[in-house]
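Coordinate-derived values only; no laboratory data. Here the structure is a predicted model, which is why all the values come from computation and not from measurement. Positions of Cβ are backbone-derived with ideal geometry, glycine not excepted, and every protein chain shown enters the neighbour counts.
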Amino acid sequence: MDKEKEINIEKIVNHWIKTSDEDFDTMNFLFQSKKYNWALFLGHISTEKLLKAYFVKIKNKHSPPIHNLLRIAEKSGIELNENYADWLDAISLFNINARYDDYKREFYNQCTKDFSELWIKRINEIRKWIKEKL
């Protein structure tokens, strides 16, 4: 039996969007709480989920089980300008969940208020752009 033919595209797309929005709200809460590294991690997750929603909508199949934002975008066929491609590549580095402790500490130290504020603005912009395409 072909599982791809059985999926409910609309339901999956809506799920990705809803959970992305929830993660985005949590990102903003964490930023306000000065948990900048975790805010950026959730920014990555919320962006990933929107890209996966786009992938499912366009390709009519499940999104690939990867976390590299630029790669998901490329696989979906979404047209990226150079800035957005660079941003997706950089935001992918915020996926700290499985990183080693020394990398986490280095990332934590990099996540100043100014650094995080800049990237949250970029995450917000790119999320709006993806949502317009959905």
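So what is the 222 nm mean residue ellipticity for the chain from helices alone, if each DSSP H run of at least 4 adds -39500 (n - 2.57) and you divide by all residues, rounding to the nearest 500 deg cm²/dmol?
After summing the helix terms and dividing by the residues of the chain, the value is -24500 deg cm²/dmol.
What FRET efficiency do you get for LYS133 and GLU6 if R0 is 25 Å and r is their Cβ-Cβ distance, rounded to the nearest 0.05?
Values: r = 25 Å, r/R0 = 1.02.
Efficiency, rounded to the nearest 0.05: 0.50.
Can you list residues from other chains, or at least 5 along the same chain, whose modelled amide H is less than 5 Å from the amide H of HIS67?
none
Mind listing the phi-derived Karplus ³J(HN,Hα) values for the stretch 84-91, rounded to whole Hz, using 6.51, -1.76 and 1.60 with θ = phi - 60°, and x for any glycine or proline?
Calculated HN-Hα couplings, in order: 5, 4, 5, 4, 4, 4, 5, 5 Hz.
Using the Karplus curve 6.51 cos²θ - 1.76 cosθ + 1.60 with θ = phi - 60°, what ³J(HN,Hα) values do you get for each residue of the stretch 64-75, in whole Hz, with x for Gly and Pro?
Whole-Hz 3J(HN,Hα) from phi for the stretch 64-75: x, x, 10, 10, 6, 4, 5, 5, 4, 4, 4, 5.
Based on the alpha-carbon gyration tensor of the stretch 16-121, what equivalent-ellipsoid semi-axes (square roots of 5 times the eigenvalues) come out, in whole Å, largest first?
On the way: eigenvalues 117, 42, 33 Å².
Those come to 24, 14, 13 Å.
Work out, step by step, the length gained on full extension between TYR108 and HIS67: first 0.36 nm times the residue separation, then minus their alpha carbon distance; give nm to one decimal.
12.8 nm
Fewest Cβ neighbours within 10 Å first, please rank LYS104, LYS49 accordingly.
LYS104, LYS49
For the stretch 1-98, with the dipole built from +1 on Lys and Arg beta-carbon atoms and -1 on Asp and Glu ones, taken about the Cα centre, which of LEU93, ASN37, ILE66 lies farthest toward the positive end?
After comparing all options, I get ILE66.
Within the stretch 108-134, find all residues whose amide N lies under 11 Å from a label point positioned 7 Å from the Cα of GLU82 along Cα-to-beta-carbon.
none
Let's see if you can work this out: charge +1 on each Lys and Arg Cβ, -1 on each Asp and Glu Cβ, no other charges. What is the dipole magnitude of the chain about its Cα centre, in debye to the nearest 20?
280
Can you compute 3J(HN,Hα) from phi for each residue in the stretch 111-118, using the Karplus curve 6.51 cos²θ - 1.76 cosθ + 1.60 with θ = phi - 60°, rounded to whole Hz and x for Gly and Pro?
Per residue, the Karplus-derived 3J(HN,Hα) values read 7, 6, 4, 5, 4, 5, 4, 4 Hz.
Could you list LEU93, LEU118, LEU30 in order of exposure, starting from the residue whose Cβ has the fewest other Cβ atoms within 10 Å?
Working: LEU93 15, LEU118 11, LEU30 20.
The order, fewest Cβ neighbours first, is LEU118, LEU93, LEU30.
For the chain, what's the relative contact order in percent, using C-alpha pairs closer than 8 Å and at least 6 residues apart?
Values: 141 pairs, mean separation 38.4, N = 134.
For the chain, the relative contact order is 29 percent.
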